[in-house]
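Notes to accompany the following structure.
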């Protein structure tokens, strides 16, 4: 998909590593005062006087985390940045800088890499972050992307996973399960396409779930909204591996239990329709489908009036005492223990 | 080499991603006050009130940057950290924290990864840095290691590549070419071994150059020595791609020329012997062999008395006017233009 043979493409060996770095970084502007020196020396320099620094990193590997047969490189670049910024927001911080390292096999042309960096740049502009460094290398197989994000937060504003207390309300932003079912749709159409390349993919009225998978957003808007409401969550995590897995992280770190109501789970109508078409239970998609990059957070019951009825997030349950377990209350009132079905890349 | 079938090894799928993270990070202690929160949340938290923050990152890919047939995993872990810290020292800073992400194919056992992390831990202890985060993932092929290092420096102490001025002295720490010739030895013995696995490798009296390749050190001692001498370099870079390539970086960034003397190049006797044995010119090894991770720096001529005759570094030449080029003065007095022969991973 990244190879378009109609126009002449530039081989990376013509440019060399430094030529490539110059080419892909020249259009990035510095947007933050805290970025003292970006690309072009042994290390980047960042100033951080009044805030704490937040650091998070993700490694994305072709064939494991993404499939270039249906992932446009520009979307991939955007997503690689967004998923890291999501981790900074999940600490109640503001992302400021990123480094991006890439490993490339010889099948990638300069034009393909420029597409990837166009997506990285779009995300940098959308979220106001500076690209300040990285590394480029060849790889033996496929594309490897390693992103590290830096952010800032005042010490008293940082929200960890370990702060949830009994009776806190459990909230989740946006809706769940879309990214998972979007992936299943893409995988299905890929199989069809591989059987008969002339068949057109069936994606009618599925644009929302496809976008959830291919171009997720980091929920900085939710962080801003909470600040506006005067609400500091007691615990927070972003949903990368699935709601079940993240709930269990909060329970384990905070040494508490939780109760979540199936009927309260926010699921988009497209997610429901696509799930039913593909014989998935929408609740399972919402609980165990990963990559939604929504924020899961707990707030004190005293903040109920401030958070109720908000368009950006839903109250899905509450925190219970340690030892009571993590449970999903189904529509018929049955309590079902929540088990992490999150993605284990080593299991296959 | 990492697979030892005599004792039963633990498959990563038994542990899962979170089990693996717990296992490999549990023995790391926090050593720096600036590390507020390390592994175990969406992002790590670092405090940096009085200094600027330095950030650098490297991506190491099996088959491109290392060969596990002759690289012990413990050495590899150590080296992956050291080469990043080298970049922090090259800014005249002090490394404080690292993140380490790894991608692993299914052939790696838990025990193999523990070896890798034993080396990472050794480097963390040796250099006083904290492991504060990372990502673990499976890979389709081989081992991928992405390290990001954070360091600190007072704003007025930071040394960039762009500060060299005409008449400055050019200095280099340690000796050059050893890592390159060590690699050639390892590659030669690998070929012999592949032809006849019963042949024992010929490494007599080559321990120094092998160690230069397999377990390089970052020259924090040189930074400390310069501080003690009261010398702040005008420009500095670490030698990862070869002296020629790094000299050209300094010339380009500082907009100056340089003159380096062949007879002044510091080359260890083992490097000379191994070079001659393998029909390499030691000067070429010193100029163009990469991975020595020595520091190349320029100091004002006014500091000559302070830097002369130091055991930790050599004066190899001086900075000339912009436009005079970068030249090596050979033993017979001929001036030869310096051309970057540094490693271009895209060229093969």
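Values computed for the structure shown
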| quantity | calculated |
| --- | --- |
| Footprinting exposure proxy for A:75, B:318 (fewest neighbouring C-beta atoms within 10 Å first) | B:318, A:75 |
| Label distances, nm, residue B:205 versus same residue in remaining copies, Cβ-directed 7 Å point | 8.2 |
| DSSP bridge orientation in chain B - percent antiparallel, rounded to nearest 5 | 75 percent |
| Candidates A:36, A:316, A:329: whichever shows maximal mean-square fluctuation once chain A is modelled as a Gaussian network with Cα springs under 10 Å | A:36 |
| Pairwise centroid distance, computed over Cα atoms, of region B:40-99 with region A:267-291, Å | 41 Å |
| Relative intensity, log₁₀ I(q)/I(0), of region A:12-156 from a Debye sum that treats every alpha carbon as a point, q = 0.09, 0.16 Å⁻¹ | -0.26, -0.82 |
| Average other protein chain Cβ within 10 Å of Cβ, residues B:129-141 | 5 |
| C-alpha long axis of helix A:110-127 to longest principal axis of chain A, angle in ° | 40 degrees |
| The protein assembly as shown - Kirkwood radius from inverse mean 1/r over Cα pairs (Å) | 26.8 Å |
| Rounded to 5, percent antiparallel among DSSP beta bridges of region B:12-157 | 70 percent |
| Whole-number percent relative contact order across chain B, with pairs defined as alpha carbons under 8 Å at least 6 apart | 21 percent |
| Pair residue A:154, residue B:188: separation of 7 Å Cα→Cβ label points (nm) | 6.5 nm |
| Spread of Cα-to-Cα distances over 10 Å intervals beginning at zero, given as percent, for chain B | 5, 24, 31, 24, 12, 3, 0 |
| Degrees, to the nearest 10: B:243-254 long Cα axis against longest axis of chain B | 70 degrees |
| Least to most buried among B:278, A:91, A:194 (fewest other Cβ within 10 Å first) | A:194, B:278, A:91 |
| Position residue A:33, label points 7 Å along Cα→Cβ, spacing to each other copy in nm (shortest first, one decimal) | 2.6 |
| Percent RCO, i.e. relative contact order, over region B:161-337, from Cα pairs under 8 Å lying at least 6 residues apart | 43 percent |
| Helix axis angle, A:220-229 relative to chain A longest principal axis, alpha carbon, degrees | 40 degrees |
| Length gained when the stretch residue A:69-residue A:126 is fully extended (0.36 nm per residue, less Cα-Cα span) | 17.9 nm |
| Sequence of A:180, A:37 once ranked by neighbouring C-beta atoms within 10 Å, starting from the fewest | A:37, A:180 |
| Spin-label model distance (nm) - residue B:11 vs residue B:305, 7 Å beyond Cα toward Cβ | 7.1 nm |
| Relative contact order of region B:1-143, pairs being alpha-carbon contacts under 8 Å that are 6 or more residues apart, as % | 36 percent |
| Theoretical ellipticity at 222 nm over chain A - DSSP helices of four or more residues, -39500 (n - 2.57) apiece, nearest 500 | -10500 deg cm²/dmol |
| Distances in nm from residue B:323 to the matching label points in the other copies, shortest first (labels 7 Å along Cα to Cβ) | 8.4 |
| Percent of beta bridges antiparallel (DSSP, the protein assembly as shown, rounded to nearest 5) | 80 percent |
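Every number in this text was worked out from the coordinates using simple rules, so none of it is lab data. Please read all numbers here as calculations on a predicted model, not as lab measurements. In this analysis, Cβ positions are derived from the backbone assuming ideal geometry, glycine residues included, and neighbour counts consider all displayed protein chains.
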